[in-house]
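The values are calculated or read from the model by the stated rules, or taken from the named source; none is laboratory data. Since the structure is predicted, the reported quantities are computational estimates derived from the model, not experimental observations. With ideal geometry, Cβ positions are generated from the backbone for all residues, glycine too; neighbour counts draw on all protein chains shown. Protein only, heavy atoms only, side chains kept; ligands, DNA and RNA dropped before computing areas. Shrake-Rupley method; radii C 1.70, N 1.55, O 1.52, S 1.80 Å.
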Amino acid sequence: MRRDTATHNLRLQFYRLPTTIDTTTTFGAVAGPFTNAPVRTVNVDTLLAQPGRKDTVTGDSVVVDTVNHRWLLSLKLDTAAARYVGTDSGAVAYGIRIAADTLASIAFGKGAVGPVLQWYLRVDSLGIPVARNPGVVGTTLANFVFTPPTAPLDSTLAVGGLPSARSLLRVAFPKFIRDSSQIIRGTLFLVPAVAARGAPADSFVMEARTVLADFGRKSPIDARLDDPIVIHPGATDTIKIEVTNMLQLWAADTTHPTVFLLRPQAEAQYFGEIRFYPSKAALRPTLQITYVKQFPFGVP
């Protein structure tokens, strides 16, 4: 679905995994099979350089969608790499590790564009005709596991990462603005404590939302309004988020909690993470409000 085009010599290494793997399987449970030799290694850049993007020796090929910038990669596995076990109805499980000259990141499709397996059965012991199984086998599980790094013991405001983190900002909203002024514009300034983390190609969207009730980390999100911004890995610039619509909501409904919730738009789907200075730091979050006072009728 996407890859980092600055990465070269991209290789996919396939490992045989137990078919009992499911969503409850931990990193430690699959660490063992990944220590074995891969059943197949494919150099994608070498394949792309082949005439017609097809390797006549291995039978591998790749089709490039230049509109959506996606690949359709077809790999031919022999009986050693793809063991057909009749008692399992041909079920197999593979783990995929990527490698390249530098740090690499790649995303595979799921669902309708997920991996499929097409079995080819030799119908003659002499090996003359090869029949294709009329059906294809889709994936019942397409997931990933990893060992999350130990979270630093600090008070920074973390957003994103895996497991995905959120941060709450409670605002002391002045009554004279909330009750007696018209809000024209509101901007939230956040200063990163460290450079945003993540794969170079994995920019992610962070959104600021408000909540329906303030219960801390269990606060229900108000889905009516949101103000998103794209976070680029490696960025250290001050983040500016326009939050005018939420401030106007707070002014219109004096019972509404004056709380900002920062979270990734696609939670737990990207490795990207950003950490901001907290309220006790010199570079703490700042809210800049442009407002107009009510006209003083009757005052000469």
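Quick rundown of the values:
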{"read-out": "Total residues in the stretch 206-228, condition within 17 Å of L188 (Cβ to Cβ), open to solvent by 10 Å² or more (accessible area, probe 1.4 Å) and in contact with an Asp or Glu (Cβ under 8 Å, 6 or more places away or on another chain)", "value": "4"}
{"read-out": "Evaluation of S155 against (1) modelled with pLDDT of 70 or more; (2) under 23 Å from A29 (Cα atoms); (3) of a type outside the set (V, I, T) (one fails), failing number", "value": "(2)"}
{"read-out": "Residue among D65, D22, D4 that is under 30 Å from H232 (Cα atoms), at pLDDT below 85 and acidic (D, E)", "value": "D4"}
{"read-out": "Scan of the stretch 191-205 for residues that are under 18 Å from L261 (Cβ atoms) and surrounded by fewer than 18 Cβ atoms within 10 Å (Cβ to Cβ), ordered by number", "value": "V205"}
{"read-out": "Residue list for the stretch 285-300, filter: assigned to a loop (DSSP other than H, G, I, E, B), touching a residue at least 12 places away in the same chain (Cβ under 8 Å) and open to solvent by 60 Å² or more (accessible area, probe 1.4 Å)", "value": "Q294"}
{"read-out": "Residues satisfying the stated conditions in the stretch 54-68, i.e. within 29 Å of the chain's Cα centre (by Cα) and more than 14 Å from R11 (Cβ to Cβ)", "value": "S61, V63, V64, D65, T66, V67, N68"}
{"read-out": "D202 being under 27 Å from A104 (Cβ atoms), at pLDDT 90 or above, out of contact with any Pro (no Cβ under 6 Å at 6 or more places or on another chain) and not hydrophobic (A, V, I, L, M, F, W, C)", "value": "no"}
{"read-out": "Filter result (in contact (Cβ under 8 Å) with a residue 40 or more places away in the chain, open to solvent by 50 Å² or more (accessible area, probe 1.4 Å), over 19 Å from L117 (Cβ atoms) and not small (G, A, S)) within the stretch 2-55", "value": "R2, R3, T5, H8, N9, R11, T23, T26, F27"}
{"read-out": "Some residue of the stretch 230-238 being in contact with a helix residue (DSSP H, G or I) (Cβ under 6 Å, 6 or more places away or on another chain) and open to solvent by less than 40 Å² (accessible area, probe 1.4 Å)", "value": "no"}
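Matching residues to (1) small (G, A, S); (2) on the phi < 0 side of the Ramachandran plot; (3) in contact with a helix residue (DSSP H, G or I) (Cβ under 9 Å, 6 or more places away or on another chain); (4) free of Cβ contacts under 8 Å to residues at least 12 places away in the same chain:
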residue	(1), (2), (3), (4)
W250	no, yes, yes, no
T255	no, yes, no, yes
L262	no, yes, no, no
E267	no, yes, no, no
A282	yes, yes, no, yes
